Amino acid sequence: MVFDQQLLHSLIRAIPNWPEPGVTFRDITPLFQSPKGTQMIIDTLAERYQGQAITHIGALDARGFLVGSPLACKLGLPLVIFRKPGKLPYDVIREEYELEYGSAALEIHTDALKKGDRLLLADDLIATGGTLCAAARLCRRLGAEPVEAAAIIDLPALGGSKRLDAEGIPSFSLCSY
């Protein structure tokens, strides 16, 4: 399927003043209600990463699961999930990080990755980069290499792409606002 920037933008809803005044939230639920839109983003990402030296897809809690899971399936790669604290049932390691509205943490199973694994991190959007950087640090702590961070949306004004770059993680997004 051919990538259509206009279709993508038409399927991302802007919600002003949410979750707080002055913020415009980019809602991707209409995108995932469109089979054509969903197929387009997964096909486009799969085409970009097909044949690259990536061994795993890492999906970030929770909207990153919507991108990472079908992408891992399409590329025939294992899916590694990064969850909010208390959601994973096995031994975990945790990484705390700052958000634009406070602080948070991510966890990963201790046996999810090993030395030499090369991971594509998938999320819905790149804002401040805090969540993606935390996931990258978790990868590195397990001996794996985060190869790139992929998202549907980049919000460059919030500096996340630059922050990822500074940590040695290239980023790719399908659109930006």
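So what is the diffusion coefficient of the stretch 117-177 in µm² per second by Stokes-Einstein at 37 °C and 0.692 mPa s, using a Kirkwood Rh over Cα pairs?
Stokes-Einstein gives a translational diffusion coefficient of 295 µm²/s.
Counting heavy atoms of the protein chains only and a 1.4 Å probe, report the per residue accessible area for the stretch 113-177 as a whole number of Å².
36
So if we plug the beta-carbon distance of Ser176 and Ser69 into 1/(1 + (r/R0)^6) with R0 = 30 Å, what FRET efficiency do we get, rounded to 0.05?
Computed FRET efficiency for Ser176 and Ser69 comes out at 0.80.
Kindly provide the chymotrypsin sites (Phe, Trp or Tyr not before Pro) of the stretch 1-94 that DSSP labels as loop, not H, G, I, E or B, and whose Cβ sees at most 16 other Cβ atoms within 10 Å.
Here the chymotrypsin sites (Phe, Trp or Tyr not before Pro) that fit, given the DSSP loop and packing criteria, are Phe3, Tyr90.
At a probe radius of 1.4 Å, what is the per-residue accessible area of Arg141, in Å² to the nearest 10?
130
GNM on the chain, C-alpha springs below 10 Å: top fluctuator among Ala72, Ala166, Ala62?
Ala166
What percent antiparallel are the DSSP beta bridges of the chain, to the nearest 5? Show your work: numbers first, answer last.
On the way: 13 of 34 bridges.
About 40 percent, rounded to the nearest 5.
Quote to one decimal, in nm, the extra length available between Arg141 and Tyr90 on full extension: 0.36 nm per residue of separation minus the C-alpha distance between them. Please list the in-between numbers first.
Values: separation 51, 0.36 × 51 = 18.36 nm, distance 1.70 nm.
Full extension of this stretch gives 16.7 nm more.
Give me the number: length gained by fully extending Lys36 to Lys115, i.e. 0.36 nm times residue separation minus the C-alpha to C-alpha distance, one decimal in nm.
Here the answer is 24.7 nm.
Please name which of Ala166, Leu8, Gly76 has its Cα lying farthest along the dipole of the chain towards the positive end, using unit charges on Cβ (Lys, Arg +1; Asp, Glu -1) and the Cα centre as origin.
With unit charges placed on the Cβ atoms, the residue in question is Gly76.
Would you work out the charge dipole size for the chain about its Cα centre, treating the Cβ of every Lys and Arg as +1 and the Cβ of every Asp and Glu as -1, and quote it to the nearest 20 debye?
Using only the charged Cβ atoms, the result is roughly 240 debye.
Please build a GNM for the chain, connecting alpha carbons under 10 Å apart, and tell me which residue among Ser69, Ser161, Ser103 fluctuates the most.
Ser103
So, in nm, how far is label Gln52 from label Asp27 when the simple model puts each one 7 Å beyond its Cα toward the Cβ?
3.1
Using a 1.4 angstrom probe on the protein heavy atoms only, could you order Val2, Val80 from most to least accessible area?
Sorted descending by solvent-accessible area, the residues read Val2, Val80.
Using the Cα centre as the reference, give the magnitude of the dipole from point charges on the C-beta atoms of the stretch 1-102 (Lys, Arg: +1; Asp, Glu: -1; all else neutral), rounded to the nearest 20 debye.
300
The values are calculated or read from the model by the stated rules, or taken from the named source; none is laboratory data. For clarity, every value in this text was computed on a predicted model and none was experimentally measured. FYI the Cβ positions are ideal-geometry reconstructions off the backbone, even for glycines, and counts take in every protein chain you see. Quick note on the areas: whole protein, heavy atoms, side chains included, nothing else; ligands and nucleic acids left out. Shrake-Rupley method; radii C 1.70, N 1.55, O 1.52, S 1.80 Å.
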